[in-house]
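This structure is in structure tokens; I'll ask about it shortly.
The values are calculated or read from the model by the stated rules, or taken from the named source; none is laboratory data. Given the structure is predicted, the values throughout are model-derived calculations rather than measurements. Cβ sites come from the backbone with ideal geometry, for glycine too, and all protein chains shown count toward neighbours.
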């Protein structure tokens with residue numbers, strides 16, 4: 001009987017231990033990552049434009065201490081509140097200060113200085129917040145801001161950390177060198193992302209221009225070359241929408257509406273200056289003390305790059321520019337990023353800075369080889385209230401961790417969060433004078449896919465073609481922008497392969513939810529906006545289209561039918577365009593071509609051009625081609 005009491009006592013103690021940990025977890029509510037009003041940097045960008053050019057605003061407005069304070073306060077308050085992407089604003093605020101501090105009154109300089117002294121630059125520093133420090137682009141932005149702030153105020157004590165500026169400079173230099181080493185060795189984890197490459201270019205530009213460390217500046221220039229090589233080899237006719245590990249709905253749907261790097265590309269391939277980029281931009285309206293004025297202002301990220309180029313600090317090598325201009329038929333095979341297997345084999349799973357930067361930079365959180373390492377790091381740095389990693393608090397139960405339950409769950413069940421991992425991408429890219437086709441070959445087949453863009457055809461600057469298997473198909477409008485959602489990522493990643501101008505993609509349609517999965521969808525679909533094609537025919541399971549000189553055919557293993565025009569979907573995909581105003585216009589602008597039913601959904605896509613054959617000849621040839629769909633397999637001859 002004594003043993004029974006002892007056993008019950010031990011069991012009770014263990015249950016109490018677990019209950020206490022659960023109670024603690026429930027108190028760790030996430031900190032808001034954004035204010036209700038969003039992030040407004042327009043005043044800061046405007047100030048950067050007018051400080052050296054006071055004649056560009058009405059003469060009745062004085063660029064004095066009060067005016068400058070009104071311009072910078074929204075940015076300063078956002079940074080001081082440590083909302084997500086505060087580092088983006090900090091980066092441009094730093095450029096304004098370093099370029100134009102002699103034009104700033106002392107009180108404004110003090111405001112900016114105190115903002116930098118009180119900032120949190122890395123996860124191991126004091127303070128709780130919901131900033132994302134760890135993704136590839138954020139890693140560099142935080143480190144460059146920390147380095148240059150430490151350089152500028154080297155003898156000052158930074159109030160948040162208690163470290164001197166010089167100590168911060170040295171700490172940041174370590175991370176900068178690690179980041180450069182990992183990019184040179186493994187390439188970019190956010191491979192070929194037209195959304196995130198600009199957020200690498202901007203901090204690289206600031207570092208190249210303002211850093212005093214000549215060795216790391218030269219290394220930064222080498223990695224900048226590699227990034228522009230990526231763009232040059234995965235673009236066509238100055239259009240950059242590639243297969244990528246991270247894209248949102250608008251990024252994948254057209255170069256015009258979603259390519260966030262297009263301004264920087266104009267600088268490289270069109271010799272555009274900041275002034276020219278401003279002319280491309282839409283007008284912004286400002287009002288100070290009842291005086292209204294308008295200015296054309298390009299974005300802050302592209303300004304960092306264009307100003308650095310104008311200063312002569314860096315030049316994209318001519319050979320890279322010529323590669324981007326090449327119009328000859330070309331196949332390019334490239335591999336970039338870090339898989340979990342890479343991390344294991346190269347000793348990159350652990351708590352050291354280089355290990356954490358590799359693991360979290362590749363967005364690898366819950367995969368079974370790393371999940372315990374993730375929990376250890378989050379716990380050590382008191383990060384469970386960070387909104388992005390807050391759900392991990394439910395796994396931070398000491399007894400469960402002692403028994404390796406989180407790793408067991410991740411190993412034996414396909415957790416939805418495993419799909420966040422960017423992994424290594426093996427990308428096949430084909431282009432000619434008229435179009436490009438790209439595929440991330442066999443990328444995490446049948447796994448969740450948070451933001452990956454598996455295959456894409458660039459038909460024109462305003463038109464791409466691709467398919468996805470939605471992660472959700474419910475009535476909530478959030479589905480159009482969620483990652484993964486209706487357009488972003490995939491509920492199940494496909495098997496996708498390519499040979500020159502032909503892509504074959506096969507989805508296994510889910511029938512039941514996996515652990516931690518809230519939604520599944522029994523459809524796949526293609527982005528085919530009717531109004532963007534010069535000619536388009538949908539014939540049951542086949543699509544034939546023409547855009548300029550580009551010809552496209554798609555063959556599915558089931559009927560394809562348009563869903564009615566959906567304004568929220570259109571906003572997510574084509575946010576640069578006005579929504580349809582009535583049902584008749586909506587019918588003409590349908591874009592969501594859906595395939596229902598069946599265990600497997602397969603798509604064959606083939607491209608050609610009118611320099612090679614006419615539309616009718618192309619259609620006749622494709623119609624005669626041998627096609628066989630059977631049990632998740634596809635055979636096609638062309």
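Restricting the range 281-297 to residues that are exposed (fewer than 14 other Cβ atoms within 10 Å of the Cβ) and without any contact (Cβ under 8 Å) to a residue 60 or more places away in the chain, which is nearest to residue 315 (Cα to Cα)?
282
So residue 298 passes all but one of these: (1) within 15 Å of the chain's Cα centre (by Cα); (2) in a loop (DSSP other than H, G, I, E, B). Which condition number does it fail?
Looking at each condition in turn, residue 298 falls short on (1).
Among the residues that make up the range 559-568, is at least one of them in contact with a helix residue (DSSP H, G or I) (Cβ under 6 Å, 6 or more places away or on another chain) and under 25 Å from residue 483 (Cβ atoms)?
Yes: the range 559-568 contains one or more residues that are in contact with a helix residue (DSSP H, G or I) (Cβ under 6 Å, 6 or more places away or on another chain) and under 25 Å from residue 483 (Cβ atoms).
What helices (runs of 4 or more DSSP H) lie completely within the range 534-638 and have 1 or more residues being in the same structural domain as residue 502 (by TED's automatic domain parsing) and in contact (Cβ under 8 Å) with a residue 60 or more places away in the chain?
567-573, 615-624
Quickly run through the range 598-636 and pick out the residues that are exposed (fewer than 11 other Cβ atoms within 10 Å of the Cβ) and out of contact with any strand residue (DSSP E or B) (no Cβ under 8 Å at 6 or more places or on another chain).
Of everything in the range 598-636, those that are exposed (fewer than 11 other Cβ atoms within 10 Å of the Cβ) and out of contact with any strand residue (DSSP E or B) (no Cβ under 8 Å at 6 or more places or on another chain) turn out to be 611, 616, 624, 630.
For the range 486-503, indicate whether the set of residues that are in the same structural domain as residue 606 (by TED's automatic domain parsing), modelled with pLDDT under 95 and either farther than 15 Å from residue 525 by Cα or touching a strand residue (DSSP E or B) at 6+ places or on another chain (Cβ under 7 Å) (or both) is non-empty.
The answer is no; no qualifying residue exists.
Report yes if residue 225 is over 23 Å from residue 363 (Cβ atoms) and either under 15 Å from the mean Cα position of the chain (by Cα) or part of a loop (DSSP other than H, G, I, E, B) (or both), otherwise no.
no
I need the full set of residues from the range 476-492 which are in contact with a helix residue (DSSP H, G or I) (Cβ under 8 Å, 6 or more places away or on another chain) and buried (at least 24 other Cβ atoms within 10 Å of the Cβ), in order please.
484, 485, 486, 487, 488, 489
If the requirement is being within 25 Å of residue 532 (Cβ to Cβ), modelled with pLDDT under 95 and within 20 Å of the chain's Cα centre (by Cα), which of these qualifies: 482, 477?
482 is the lone residue from the list that is within 25 Å of residue 532 (Cβ to Cβ), modelled with pLDDT under 95 and within 20 Å of the chain's Cα centre (by Cα).
Right, next: Is one or more of the residues making up the range 369-380 assigned to a helix (DSSP H, G or I), closer than 20 Å to residue 516 by Cβ, in contact with a helix residue (DSSP H, G or I) (Cβ under 9 Å, 6 or more places away or on another chain) and at pLDDT below 95?
The answer is no; no qualifying residue exists.
Within the range 377-391, how many residues turn out to be under 13 Å from residue 27 (Cα atoms) and without any contact (Cβ under 8 Å) to a residue 60 or more places away in the chain?
1
If you check residue 146 against the conditions, is it in the same structural domain as residue 298 (by TED's automatic domain parsing), part of a helix (DSSP H, G or I) and either more than 18 Å from residue 217 (Cβ to Cβ) or in contact with a helix residue (DSSP H, G or I) (Cβ under 9 Å, 6 or more places away or on another chain) (or both)?
Here the answer is yes, as residue 146 does meet what is asked.
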